1. In the range 130-152, how many residues are in a helix (DSSP H, G or I) and either touching a residue at least 60 places away in the same chain (Cβ under 8 Å) or farther than 20 Å from Gly47 by Cα (or both)?
2. Can you name every residue in the range 177-201 that is touching a Phe, Trp or Tyr at 6+ places or on another chain (Cβ under 7 Å) and either touching a residue at least 60 places away in the same chain (Cβ under 8 Å) or among the charged types (D, E, K, R) (or both)?
3. Being under 21 Å from Phe8 (Cβ atoms) and assigned to a helix (DSSP H, G or I) is the requirement here; does Arg155 meet it?
4. Among the residues of the range 72-85, is there at least one that is aromatic (Phe, Trp, Tyr) and farther than 19 Å from Met149 by Cβ?
5. Name the residue, out of Val154, Val177, Val169, that is closer than 14 Å to Thr105 by Cβ, more than 14 Å from the chain's Cα centre (by Cα) and β-branched (Val, Ile, Thr).
6. Taking the condition hydrophobic (A, V, I, L, M, F, W, C), touching a Ser or Thr at 6+ places or on another chain (Cβ under 8 Å) and surrounded by fewer than 22 Cβ atoms within 10 Å (Cβ to Cβ), does Val119 pass?
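Derivation of every value follows stated rules applied to the coordinates shown; laboratory data play no part. This structure is a prediction, so every number in the text was calculated from the model and none was measured. Here the Cβ is made from the backbone with ideal geometry for all residues, glycine too, and neighbour counts use every protein chain on show.
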Amino acid sequence: MQDGVIKFTCNWTKAEPFTPEIIAELNYWRQILYAKGLIGLDKQGIGYGNISMRYQQNQFIISGSGTGQHPELTNEHYTLVTNFNVHRNTVDAVGPIIASSESMTHAILYQCDPSINAVVHIHHRELWRILMYKVPTTDKKAEYGTPEMAKEMVRLYSKTELPKSKLLVMAGHEEGVVSFGINVELAAKIIVDKMIELGIE
């Protein structure tokens, strides 16, 4: 299936957005990642990349589906994921926009560790190629946004150095790289700093 296609059932309740202050840091780093081409729109017009932060307990605010086309987002472009179920392949969301197609992946990482407060998913072909199997890497058979990918997050978190590296590659999702951290800045900087270290843009 194409990138950008939601592969889970999203039980979305349309609601008022968060205030701009609540999503300010999230939006600040999203703009930086967009400017670097790590979040955006590909040549086929399909959006890629997303960013989220924990709100309370395992609920999190995430950039909405189809927002990759926008250089700058507003609070209308973020939504709250309130619950998810890997076995039923469902995500519950409340907000002005439907949740990102990668929400299941973000959700399982927040569940893996309460110290994870932000998750970043970007696309970069060269970074993806260089890091493949050099950092924790998902099974090639696991497609983005699926229960299989969610299960791969759990496997990597429990069986590899992922809790320390906070950086992984999606082998079955071309160009897909994920990082996470205790806040949005640190999660984003893991990728930005790795690119500087490797001398790539």
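1. The total comes to 7.
2. Val184, Glu185, Ala187, Ala188, listed by residue number.
3. yes
4. yes
5. Unique residue meeting the criteria: Val154.
6. So Val119 fails the test.
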